[in-house]
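Since every read-out is calculated from the coordinates, none of them should be taken as a lab result. In this text, all values refer to a predicted model and were calculated from it rather than measured experimentally. Here the Cβ positions follow ideal geometry from the backbone for every residue, glycine too, while neighbour counts run over all protein chains shown.
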Amino acid sequence: MLTPLRGAAARVVTNMEASLEVPVATSVRAIPAKLLIDNRIVINNHLKRSRGGKISFTHLIGYALIKALREMPEMNVGYTTNEKGKPVVVQPAHIGSGIAIDLQKDDGSRQLMVPAIKPAETMNFKEFWTAYEKVVTKARDGKLAVEDFRGTTMSLTNPGGIGTVHSIPRLMKGRGAIIGVGALDYPAEWQGASTETLNRNAVSKLLTLTSTYDHRIIRGAQSGEFLRVIHQYLLGADGFYDEIFASLRIPYEPVRWVQGHLHLARRRHQQGRARAGAHPLLPGPRPPDGRHQPVGVQAAPPLRPRHHDPRPDPVGPRASLRHRRLRRRALPQAAQDPGHPA
């Protein structure tokens with residue numbers, strides 16, 4: 001049985017065949033995802049209690065990509081030839097962030113669409129999140145227009161959503177690079193370990209990013225540096241999460257990355273609890289003696305010092321039980337008689 005490819009499927013064939021003309025190379029970088037996970041939890045808990053909505057990992061990674069492109073505009077380029085057939089580099093005026101959307105049709109077939117969010121360099125996180133959700137809704141409703149696909153300068157694809165560790169996506173003609181997001185999971189050698197073992201060994205989930213670039217206009221060092229910049233943003237560099245929290249009006253400070261451990265910066269919250277007489281970090285009131293007693297845990301009675309006889313046991317450590325009992329009975333008598341030789 002032969003099924004002809006028409007419409008969007010036929011355009012995919014044309015684009016894939018054209019992409020074979022692009023000489024590409026790929027950089028790979030693994031990023032610890034603990035901070036990304038924890039800050040997403042804080043954001044979504046706040047949204048659940050307030051305006052609603054939900055932030056995905058792709059939202060945060062996509063915004064880090066845009067900030068990295070602002071810092072490294074040499075990655076926001078394309079390749080073409082001029083009227084004389086000479087190679088030239090195209091420097092777009094804006095950032096068009098292409099978002100790969102995988103849609104499943106009613107007949108079970110799948111369709112890949114890459115509309116663009118533009119101009120992305122002018123958006124804060126809330127504006128980017130709103131534009132992202134609007135594009136995804138239009139794609140699911142089948143309302144994307146030709147204009148929605150124009151102006152893409154760099155694309156983001158997320159095969160990690162189905163467990164792919166990392167991939168080398170195809171790069172379309174005219175674009176400088178495409179970023180792939182791999183699975184967010186523990187390293188394979190730790191996936192069978194218990195939570196206690198993972199915590200004891202400080203093992204974090206990892207996120208793998210790939211940068212597949214046109215090697216005619218982008219060098220490997222630039223691609224590697226670009227992934228390093230994204231890495232630093234996802235670890236909170238230059239107030240990355242502070243900016244996100246501010247745009248969403250979240251009245252907390254984000255989780256911070258500190259070499260060796262993570263801590264939740266809650267200085268205002270701690271100061272308020274301290275003024276109220278509570279421990280700044282742990283739940284429950286602060287006892288008068290300054291020691292903290294967690295809520296619901298009854299304080300143990302103070303330990304009473306046992307009687308200690310500094311004199312050696314005259315019957316030795318291997319004495320029989322009868323001799324030991326006699327020894328214990330003799331101790332009170334020795335305490336009452338000052339002239340007792342014991």
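With the charge dipole of region 13-66 set up from +1 on Lys and Arg Cβ and -1 on Asp and Glu Cβ about the Cα centre, the Cα lying farthest toward the positive end among the listed residues Thr58, Val42, Leu20 is that of Val42.
With a Förster radius of 25 Å applied to the beta-carbon distance between Lys143 and His94, the computed FRET efficiency rounds to 0.60. Dividing the convex hull volume of the alpha-carbon atoms in region 1-148 by its residue count gives 194 Å³ per residue. Label point of Arg249 set 7 angstrom out along Cα-Cβ; within region 49-68, amide nitrogens under 13 Å from it belong to 50-52.
The dipole here belongs to region 1-96: it is taken about the Cα centre, uses +1 on the Cβ of Lys and Arg and -1 on the Cβ of Asp and Glu, and is about 620 debye. Counted residue by residue at 0.36 nm each, then reduced by the alpha carbon distance between them, the extension gain from Ala193 to Glu74 reaches 38.6 nm. Bridgeable aspartates and glutamates around Lys34 (alpha carbons under 15 Å apart, same-chain partners fewer than 8 residues away excluded): Asp185. One chain, two ends: Arg150 and Ile37. Fully extended at 0.36 nm per residue, the span grows by 37.4 nm beyond their Cα-Cα distance. The length gained on full extension between Lys126 and His215, counted as 0.36 nm times the residue separation minus their Cα-Cα distance, comes to 28.7 nm.
Hand me the trypsin sites (Lys or Arg not before Pro) from region 140-196 located in a DSSP loop with no more than 11 other Cβ atoms within 10 Å, in residue order please.
Lys143, Arg150
For region 220-227, 3J(HN,Hα) computed residue by residue from phi via the Karplus equation (6.51, -1.76, 1.60; θ = phi - 60°) reads x, 5, 5, 5, x, 5, 4, 5 Hz, glycine and proline entered as x. Loop-located GluC sites (Glu not before Pro) across region 57-107 with a Cβ neighbour count of 13 or fewer within 10 Å are Glu83, with loop assigned by DSSP. Cross-link check: pairs Lys84/Lys173; Lys118/Lys143; Lys105/Lys143; Lys67/Lys118; Lys54/Lys143 evaluated at a Cα-Cα cut-off of 21 Å; pairs beyond the cut-off: Lys54/Lys143.
In square nanometres, what is the average projected area of the Cα convex hull of region 107-234?
11.2 nm²
Annotation for Lys134 and Lys54: the two label points, set 7 Å from Cα along the Cα-Cβ direction, are 2.3 nm apart. Taking label positions 7 Å along the Cα-Cβ direction at both Ala10 and Ala30, the computed distance is 4.6 nm, reported to one decimal.
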